[in-house]
Structures are given as structure tokens and as C-alpha cells.
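These notes are about the structure you will find just below.
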Amino acid sequence: MNSNFVKKGWNLLLATILLTGCQTNGIGNYSEELSKEPVDFVNPYMGNISHLLVPTYPTVHLPNSMLRVYPERGDFTGDRLYGLPLIVTSHRGNSAFNLSPFQGNPEEMKQVISYSYDQEKIDPYRYRVFLDEVNMDVDFAPSFQSALYSITFGNKAPNYLIFNTRNGELIAEGNSVSGFQYVDQKTRIYIYAETNRFPEKTGTLIADSLTFGQTKAVGRNAALVLAYGEKEQNIGLRYGISFISTEQAKKNLQREITAYDVDVVAKAGRNEWNKSLSKIKVSGGTDDEKTIFYTSLYRTYERMICISEDGKYYSATDGQIHEDGGMPFYTDDWIWDTYRATHPLRVLIEPQKELAMVSSYIRMAQQSPEGWMPTFPEVTGDSHRMNGNHAVAVIWDAYCKGLTGFDLLAAYEACKSAIMEETLAPWVRAKASELDDFYKKEGYFPALHPGEPETSKSVHPFENRQVIAVTLGASYDDWCLSQIAKALGKTDDYNYFLKRSYNYRNVFNKETSFFHPKDKNGKFIMPFDYVFSGGQGARAYYGENNAWVYRWDVQHNVGDLVTLMGGQENFVQNLDQMFNEPLGKSKFEFYRVLPDHTGNVGQFSMANEPSLHIPYLYNYAGQPWKTQKRIRKLIQEWFRNDLMGVPGDEDGGGMSAFVAFSQMGFYPVTPGSPTYNIGSPVFTNVILDLGNGHTFEIKAENCSDDNKYIQSAMLNGKPLNQPWFNHKDIANGGVLELKMGDKANKEWGAKLPPPSAEKIN
């Protein structure tokens, strides 16, 4: 026994030494021991102060985990914490339940206590803070479906833990607390918590009335109070959460956390983050550039979340508990944001997760009464926000890039049902209306003239018709659907939806080269201001962004857009003009009308997702060098390692994936096309682990701030003279070699633009 003990002690010591060094996928050596690991470059505070709208929250969680938390405050500048979080049920949502440690006079208790705080430190896998006015230290670390708090009371006074139901029921039994909260009218979140100390007594706090001797708190803002006396200066609290039951929450806790040691849980979490972040390894570049990269990559793992619990999951689509059949179930996704780059990034580095996510969409559709593919799936069901049915792009992008392990026919039927039977009106989940009948007949969504009253009951009173955004988005969705139909041998459907994918032509104004709203009589709305027409957020005609941004929203057929604008020269001139066009009014007036249209370079908005592909469009018009210049400049201007380092709503990976792709040097302009546009890499070397035993490597010789222009390129040992490459060229491993210089090689890639949609008669 003694020899075994010594042996175990030595192994533990050796493991500790190795863990302090590089731990990338369990590989380390002495030369790497002192280097940073990927998670060390993550700065959760980046973007915590918003330029105008919602800030980017410093989320503490494990990759794609069910349990996520962040401090409850307005933004980074908020001076108070409102209790301690236990779980956030949706991206950027409020915390369910609430925990408030308390010392002192019980008569001063509140259901949620407001704390002054200091010494806050947030890592992806750990949260530490000092509550200075009450002299308490808080230490927290999460697992996937459970978490652990350590609370140290600094004063000599009676100690309490206050659990708030917010809207539900909590029961105390011994050293445990269990119960549920309603997330909405049908969805519950359950909790099971244990403390390492037994309370002296329990009570309830309802409407500021404290009653000891009670063990059950029920209702809105009702709280359960555990009293520990003065002796216990440190209390450990571990808890599990579930969408199935309190019993399952207990199982989740017992499966993941067996002790009250925050260091152990945090170390396990750190290892999980290094495992995920190490799927992309970068070298060269500055520490700030690596921080921007790995912080962006970390944010792509906030959603979707896996809610399978021991092979079962709750589906808000039908309100039932289902067996997952060995395929984990994921939800919480804002597809309007994430289809553009977040999902395509997962196709590359997390193919099995992406396969499970696509399969989850299909299950949601099959569980819905209409059979429609969801648009904004959340824990509480499909909320159908924004516009479009872009799940079809997610599905086709995965399939055309080799993720074929799902039922493509079932996916097609669900997507087709949503596109044909559900209204195109934004922010509404309802059956097709007279506006949709008009769209099917005339090929565009009809606009109202200024002051003309709304007549359709299907239109959201604030979001309005968004006629151009709807028409362009539907055209792209139809193209994606046509490609699935083609793969399934459905020739008639293929031809029908391919023809519809050209509907954007119906609202193109040849005189101005803008997409211009038309009324029901086929007349352009006149007079018209391409900056400000459309009201707040331009929502009568566009959506959050103005006509200058939606001018380029034809991701599937950029080649045709070049033709519509009169050729490559005019196309480039129009692109250049957008980046140089003045706001038109003062910033105050501009942002009063267009608050989402931030991060401006001229009329270009770096802060909103419809703009993300635009800098790459020079590749389609014979001037890839301008894409290289523009991408570098935009990343340097708008994404920085500081509190205001994100220009707008980051949207839980929607924008961050653009940053990660762009810093690597390529981007999926058209999800659903198995191609990538080449930009300008920030790093001299990038290695992507493709999850199939192969890697894709990008070598950028001489890459630097000045050397941002591609002089020549090689792909898999062969010369590459086009500003794009095919997924099949890297799917089983590949190497892209770029020689960089400080002056543009205007000939490289100029004659072979990326592919666009097939032509129609």
C-alpha cells in the first residue's frame, strides 16, 4: 500500500507539472511548458461595452453546454451585481433562479440582493468575484449540466443562502434544495442543489416577509432561505440542472461533480476548452491578434447547446420527453445570424456536432404540428424571429460538404413545407397569407407607400413587411432548396425553385442598381432615399440595415448581380462607393433611425450580419486585392482586444465566426456552395483539425501587417490562380500556401471568379 501510495503521489505530481505547461489535446513537452494554451488567449470581456445596442456578455460555460452563466448586470459598466447566476436558459436571456448569499440581520433580506463588487476575474471555465461591501469571496466553475460555488463569508455574523424561484417552486430537505422554474408557460427548468454544510434552519421569503420553519417556496419572486449560523465561514454549493425533472437534475450533478473542490472542476473545464479551441492552431501574429481569434472561436461554442440528458431530452416543440437514440439533441440557435459562418465553421472543425445539430432540426420539424423546419429554435421552441427560412442553407451546406449522415428527404420535406406553407412575413410564425399568395404569383413581396395603412393581419406591427429583405432572403432559400431537390432527383421541384431563386431580379432597379421596393401594381416606391426610407430600422422595406447593405444580399448568385450592375467595373465602383458614401445626416440622426447599422465604413455596417460577406465580393469582379485590403482593414478597425472590441450585437457566434474565418484567410460567402473565398490571413500558419484524422493547413509566407497582399498561391502542391477553393480539395486534408507582399499583385486571381448559381432560361 505504501509503495502504491508513493507511486500515485509521483504520478499526480508529474501530471500537475505537465498540466502547467502546454496541454493541447493531451500533448505537451518541456519546450512548450511555458507557452500559453489556447484558452489563455480568450478574453471574455472583449466587447462587454456596447457601441450602441446589446453588449457581448462574458459567458462562463463549457463548449456547447446546457449550463451557461454570466454576471447579472446591465453591461460591464454596471456597478451592481443582482445576485449570483445559476443558469441562463437562452442566449442573452435572463438567469433562471438566483442565488444570493447574505450575512447580518434577517429583516434586511431581499429575494435578490444587489451587490457592489470588485476583483472580478472571468475565464471561460471559471468566475471569481469579491463582494466588497459585504466582504464575501465567490468562486464558481461549471461542468456541462452542473456547477459548483464556493462562498467565503468574511464577517462574523449569521450566514444565509437565498434561492429565488423567480416563477416556480423550491423545496428544502436537509442540505438540499430542489424544484423548478417556468421558463415560459409550458417549459420548466429544474434544479437540484446540495451544500457541504447542513443548515440550522430553513424558511421562506415572500413579499419581503421572512418565515422560518417553512421548507417550500412557491410563486413569483418567492425565495427559500437556508440559515447556517456564524460558525460556517465557507459554504460549498453544487447543483445540477435539467429540463426533464428534479430527479434528472440530481443525476446530472452526481454524474459530473462529486466533490466541493472548485479547482478540480475548473481544471476539468479548462481541459475541455483547450480540447475544443485546439482544433484550430495558429502561429505568427501578435498576442492581441491571437486573443481576438481565440475569443471569437470561444464565442462560437456558446450555441447551440446540447440538452440530451442520459439519452433523453425535452422538446418544447411538442412538450414531450424523447429518447435521443444515441444522437445528442441541440437547440438555442438564431439561424439568421449563424447560418452565414458559425455553422460552416462547425462543418469544418466539429463535423459530428454539426451532424447532431442538423438532425435536431429535423426532429424539431417532425415534432411540430405543421411539420415546418424551425427558424429560431430555442429551449422554449421555435420563436421565428427575423426573416427567411435559412435552416435550409444550414442543411444543404452540411450535406454538400460531406455530412450525409442524416435523412435528407425528411429535411427537404420540412424545409419545403416551411417555405411554401408558412408566411414570409418577418417575426411571425403563421400560415401563409394573401401576401404570400402575391409573392408566389408575382415573385416579390409587395410594399406599402409611406402613410399607406397596413391591411394584412400577418404583418408584425413593429417589424413591418421588410419587403426587400424578405424577397432576397427567400430567393436564396429557394436556391438552397433547389439544390436539395436536385440531389434527391426531384427534377420538377429543382426547376421550380431554381427559377424562384432569381426573384431578386423582380425588385432590381436598373436605373439605380439598387434593390428597390415595389407596390402591388409593380411600381417602384417613389420618391425614395436608399439611406433612410423605411422608417425605424428601415423595416418597411429592408431589415435593421438600409438599401446600401441589402444591395449585395444575393449570396447565391453574385455573378448575376455583377451582370445586373453592368459588369465588373460598375460592380467594383458600386462596392467602393458604399465604403465611401457619407451617412447623410449627423450620427445622432442616423443611429436614431438605424440603431443596428453601426460599425460604419461609409454605408457599410461591420456590426450586422447581412454585411459579413460583402468585403469578399471583389473576388467576383476581378479585383481580389481589394478584398485582401478591405478585410485586413476591417478586422483591425473594428475587432480589438478591449472592452469595446466588438462593433455591434455579436449574436452568440454569428459575427465571431466571421472574425475567425477572416483571420485564418478564407470565408464561406455562400453557405450551400462547397466553396470558400480567399481573403488575407493574419497568421503565418493555421492548422485546422478536420475531425476525420486529417488537417487543413494554411501557410502565409512573409505575412505581416504590411504584407497583406497575395503574390502567388499553391493548393496541395499545385499553382492556384483563383481567389477561391473547393471544399473537396481540403476535406481529406490539404495545404494552402500563400506568398504575401506589401504591394498588391493585381493580376493574381483576377480572371477566375468564384462560382455562382446555375443559369436559367
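The values are calculated or read from the model by the stated rules, or taken from the named source; none is laboratory data. What you are looking at is a predicted structure, and each value in this text was computed from that prediction instead of being measured. Cβ atoms come from the backbone with ideal geometry, glycine included; neighbour counts cover every protein chain shown.
Condition check ((1) out of contact with any Pro (no Cβ under 6 Å at 6 or more places or on another chain); (2) farther than 19 Å from Gly179 by Cβ) across all residues:
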| site | (1), (2) |
| --- | --- |
| Asn221 | yes, no |
| Leu224 | yes, no |
| Glu230 | no, yes |
| Glu247 | yes, no |
| Gln254 | yes, no |
| Gly269 | yes, yes |
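Within the range 326-346, the only residue that satisfies the criterion of being more than 12 Å from Asp651 (Cβ to Cβ) and either touching a Phe, Trp or Tyr at 6+ places or on another chain (Cβ under 6 Å) or assigned by TED's automatic domain parsing to the domain that holds Phe243 (or both) is Phe329. Number of residues in the range 727-757 that are touching a residue at least 12 places away in the same chain (Cβ under 8 Å) and surrounded by fewer than 14 Cβ atoms within 10 Å (Cβ to Cβ): the value is 6. Each residue in the range 235-252 was checked for being in contact with an Asp or Glu (Cβ under 6 Å, 6 or more places away or on another chain) and of a type in the set (A, V, I, L, M, F, W, C), and 1 of them qualify.
Yes or no: Tyr190 of a type in the set (Ser, Thr, Tyr), at pLDDT 95 or above, in a loop (DSSP other than H, G, I, E, B) and in the same structural domain as Thr152 (by TED's automatic domain parsing)?
Values: of a type in the set (Ser, Thr, Tyr): yes; at pLDDT 95 or above: yes; in a loop (DSSP other than H, G, I, E, B): no; in the same structural domain as Thr152 (by TED's automatic domain parsing): yes.
Spelling it out, it is not the case that Tyr190 is of a type in the set (Ser, Thr, Tyr), at pLDDT 95 or above, in a loop (DSSP other than H, G, I, E, B) and in the same structural domain as Thr152 (by TED's automatic domain parsing).
Scanning the range 678-702 for residues being surrounded by fewer than 17 Cβ atoms within 10 Å (Cβ to Cβ) and closer than 24 Å to Trp625 by Cβ gives a total of 4. Taking (1) surrounded by fewer than 23 Cβ atoms within 10 Å (Cβ to Cβ); (2) within 30 Å of Pro595 (Cα to Cα) in turn, Tyr117 satisfies each apart from (2). Within the range 193-209, take every residue that is at pLDDT 95 or above and part of a strand (DSSP E or B) and give me the one that is nearest to Asp318 (Cα to Cα). Going through the qualifying residues, I end up with Ala193. For Thr338, the criteria (1) over 14 Å from Ile395 (Cβ atoms); (2) touching a residue at least 60 places away in the same chain (Cβ under 8 Å) hold in every case but one, which is (1).
Taking only the range 161-182 into account, find how many residues are hydroxyl-bearing (Ser, Thr, Tyr) and touching a helix residue (DSSP H, G or I) at 6+ places or on another chain (Cβ under 7 Å). Lay out the reasoning, then the answer.
Step one: list which residues in the range 161-182 are hydroxyl-bearing (Ser, Thr, Tyr), which gives 165, 176, 178, 182.
Among the residues that remain, those that are also touching a helix residue (DSSP H, G or I) at 6+ places or on another chain (Cβ under 7 Å) are: 178.
Adding up the residues that qualify gives 1.
Out of everything in the range 151-164 that is of a type in the set (S, T, N, Q) and surrounded by 21 or more Cβ atoms within 10 Å (Cβ to Cβ), what residue ends up being farthest from Arg220 (Cα to Cα)? Among those residues, the one meeting the criterion is Asn159.
All of Gly602, Gly566 fail the test of being within 24 Å of Glu650 (Cα to Cα), of a type outside the set (S, T, N, Q) and at pLDDT 95 or above, apart from Gly602. Among the residues making up the range 609-642, those that are under 21 Å from Val42 (Cα atoms) and among the hydrophobic types (A, V, I, L, M, F, W, C) are Leu634, Ile635, Trp638, Phe639.
Note on the range 43-79: residues that are without any contact (Cβ under 8 Å) to a residue 40 or more places away in the chain and not in a loop (DSSP other than H, G, I, E, B) total 0. Taking interchain pairs and intrachain pairs at least six residues apart, which have beta carbon atoms under 6 angstrom, with the first residue in the range 575-589 and under 16 Å from Met606 (Cα atoms) and the second at pLDDT 95 or above and among the polar types (S, T, N, Q)? Within 6 Å, the pairs are Met578/Gln603; Glu581/Gln603. Among all positions in the range 78-86, there is at least one residue which is in the same structural domain as Val264 (by TED's automatic domain parsing), modelled with pLDDT under 95 and surrounded by fewer than 23 Cβ atoms within 10 Å (Cβ to Cβ). When Gln623 is tested against the conditions (1) surrounded by 18 or more Cβ atoms within 10 Å (Cβ to Cβ); (2) under 24 Å from Trp336 (Cβ atoms); (3) not acidic (Asp, Glu), the lone failure is (2). In the range 354-383, the residues that are over 19 Å from Ile321 (Cβ atoms) form Cβ pairs under 7 Å with partners that are among the aromatic types (Phe, Trp, Tyr) and not in a helix (DSSP H, G or I), at six or more places apart or across chains, as follows: Leu355/Phe406; Met357/Tyr330; Val358/Phe406; Phe376/Trp334; Ser383/Phe376.
Yes or no, residue by residue, for (1) in a helix (DSSP H, G or I); (2) among the acidic types (Asp, Glu):
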position: Lys441; (1), (2): yes, no
position: Asn464; (1), (2): no, no
position: Ala474; (1), (2): yes, no
position: Asp478; (1), (2): yes, yes
position: Asn495; (1), (2): yes, no
position: Tyr504; (1), (2): yes, no
position: Thr512; (1), (2): no, no
position: Asp529; (1), (2): no, yes
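Results for (1) outside any strand (DSSP E or B); (2) in the same structural domain as Thr89 (by TED's automatic domain parsing); (3) at pLDDT 95 or above; (4) on the phi > 0 side of the Ramachandran plot, shown as yes or no for each residue.
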{"site": "Gln181", "(1), (2), (3), (4)": "no, yes, yes, no"}
{"site": "Gly219", "(1), (2), (3), (4)": "no, yes, no, yes"}
{"site": "Leu226", "(1), (2), (3), (4)": "no, yes, yes, no"}
{"site": "Ile235", "(1), (2), (3), (4)": "no, yes, yes, no"}
{"site": "Ile244", "(1), (2), (3), (4)": "yes, yes, yes, no"}
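Listed here are the residues, each with its yes/no results for (1) in contact with an Asp or Glu (Cβ under 9 Å, 6 or more places away or on another chain); (2) surrounded by fewer than 17 Cβ atoms within 10 Å (Cβ to Cβ).
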| position | (1), (2) |
| --- | --- |
| Val218 | yes, yes |
| Gln233 | no, yes |
| Thr295 | no, no |
| Tyr313 | yes, no |
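Looking across the range 333-374, just one residue is buried (at least 23 other Cβ atoms within 10 Å of the Cβ), over 26 Å from Asn726 (Cα atoms) and among the polar types (S, T, N, Q), and that is Ser360.
Here Tyr239 clears all of (1) of a type in the set (Phe, Trp, Tyr); (2) not assigned by TED's automatic domain parsing to the domain that holds Trp334; (3) not in a strand (DSSP E or B) except the condition numbered (3).
Tally the residues that are at positive phi and touching a helix residue (DSSP H, G or I) at 6+ places or on another chain (Cβ under 8 Å), restricting the search to the range 656-684. Even if it seems obvious, please write down each step before you answer.
Here is the first cut: in the range 656-684, the ones at positive phi are 665, 672.
Now restrict to residues that are touching a helix residue (DSSP H, G or I) at 6+ places or on another chain (Cβ under 8 Å): 672.
Of the residues in that region, 1 qualify.
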